[in-house]
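A.B. asks: Would you mind keeping the following structure in view while I ask a few things?
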Amino acid sequence: MASKVTRVFTGLAGLPVCHEPHRELAKWYRRTLHALEKLPKDSGYRIATEQLIKERRHIVETTPNPEDIEKKIGAGLCEELIEQAKYEHQLVETMREYKVWEPIEEKPKPDQWKWPL
């Protein structure tokens, strides 16, 4: 199903070509969805992120050409999408660690969110 990338370089410093982008993207999307299951179902972050990841996973699963994946998602090269997926997975773990869905412990000062000061 998945074709391999034929490009020699990405043109982005420090970002090597991934020769199996379908496999890598599917792996990171699967891991992220699994990690999201550990967050509360009504968490706004979980809901929005699950929707985005599922949409992207569907594109990866139904699109054999990596260049077409890049066009359909519209967020850069497959290699950049892989990096984004890794970062999103790390963010899910951070959100879970800090339990961002819980109420804050201290009430903010009345002008804390006022801008400009």
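The values are calculated or read from the model by the stated rules, or taken from the named source; none is laboratory data. Since the structure is predicted, the reported quantities are computational estimates derived from the model, not experimental observations. Virtual Cβ from ideal backbone geometry, glycine too; neighbours counted across all protein chains shown.
A.B. asks: Which condition number does E93 fail, the rest of (1) of a type in the set (D, E); (2) in contact (Cβ under 8 Å) with a residue 60 or more places away in the chain; (3) within 17 Å of L33 (Cβ to Cβ) being met?
C.D. replies: Failing condition for E93: (2).
A.B. asks: Moving on to the next point. Within the bounds of segment 7-24, is there any residue that is in contact with a helix residue (DSSP H, G or I) (Cβ under 7 Å, 6 or more places away or on another chain), among the charged types (D, E, K, R) and in a helix (DSSP H, G or I)?
C.D. replies: Yes, some residue in segment 7-24 is in contact with a helix residue (DSSP H, G or I) (Cβ under 7 Å, 6 or more places away or on another chain), among the charged types (D, E, K, R) and in a helix (DSSP H, G or I).
A.B. asks: Run R57 past the list (1) touching a Leu at 6+ places or on another chain (Cβ under 9 Å); (2) in contact (Cβ under 8 Å) with a residue 40 or more places away in the chain; (3) surrounded by 15 or more Cβ atoms within 10 Å (Cβ to Cβ); (4) not polar (S, T, N, Q) and report the number of the one that doesn't hold.
C.D. replies: Here R57 clears every test but (2).
A.B. asks: Are any residues in segment 60-76 within 12 Å of H22 (Cα to Cα) and in contact (Cβ under 8 Å) with a residue 12 or more places away in the chain, and if so, which ones?
C.D. replies: Listed by number, the residues that qualify are V60, E61, P64, N65, P66, I69.
A.B. asks: Report yes if E37 is closer than 30 Å to P103 by Cα, at pLDDT 95 or above, of a type in the set (D, E) and surrounded by fewer than 13 Cβ atoms within 10 Å (Cβ to Cβ), otherwise no.
C.D. replies: For E37, the condition - closer than 30 Å to P103 by Cα, at pLDDT 95 or above, of a type in the set (D, E) and surrounded by fewer than 13 Cβ atoms within 10 Å (Cβ to Cβ) - is met.
A.B. asks: If you take the residues in segment 64-115 that are part of a loop (DSSP other than H, G, I, E, B) and of a type in the set (K, R), which one is surrounded by the most Cβ atoms within 10 Å (Cβ to Cβ)? Lay out the reasoning, then the answer.
C.D. replies: Applying the first criterion (part of a loop (DSSP other than H, G, I, E, B)) to segment 64-115 yields 64-65, 74-77, 99-115.
Those still in the list that are of a type in the set (K, R) too: 99, 107, 109, 114.
Working: K99: 10, K107: 8, K109: 8, K114: 8.
Of everything passing the filter in segment 64-115, K99 is surrounded by the most Cβ atoms within 10 Å (Cβ to Cβ).
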